[in-house]
Amino acid sequence: MLLFIVLVLAYQILVQGPLSEVLKQRRARTVGALEDAQKAIANAEQKAAEYEAKLRQARAEVYKQREARVKHWTAERDAALDEARKAAGQKVAHAKLALEGEAEQARRSIQSSVGELASQVARAVLPAAAGSSR
């Protein structure tokens, strides 16, 4: 029995103690590695969220700049259209003035030739009327 007790004590001192110590160190390293991995995953998720927020902000900024450019182009186009309308309106006004001038000149020409045309009509009608009454 004494030999069995000595053998058990020797086993615990020589084998069980160092083996338990190695297992504790292994467990500590494993748990530590898992904790480190979880921290790394949490950091990666946080950075991914930050990058996503920055990306959204950058997209919003690009959208705002695009909207500003579109508004600017629209304003330029509207200004060019207004200018073209004004120029066309001026051309139409000048054309109307020119037409009115030509119409007035034609009226004057007709007015001046009314007397001559009346005398030609009278000459053309009177000799025929004078010849038929004889």
Of the candidates Glu116, Glu104, Glu76, the one satisfying the condition of being surrounded by fewer than 10 Cβ atoms within 10 Å (Cβ to Cβ) and either part of a helix (DSSP H, G or I) or among the small types (Gly, Ala, Ser) (or both) is Glu116
Subset of the range 1-37 (residues that are loosely packed, with under 10 Cβ neighbours inside 10 Å and aliphatic (A, V, I, L, M)):
Met1, Leu2, Leu3, Ile5
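Throughout, read-outs are computed from the coordinates displayed, never taken from laboratory work. From a predicted model like this one, the values you see are computed outputs, not experimental measurements. Every residue, glycine as well, gets a Cβ built from its backbone with ideal geometry; the counts of neighbours run over all protein chains shown.
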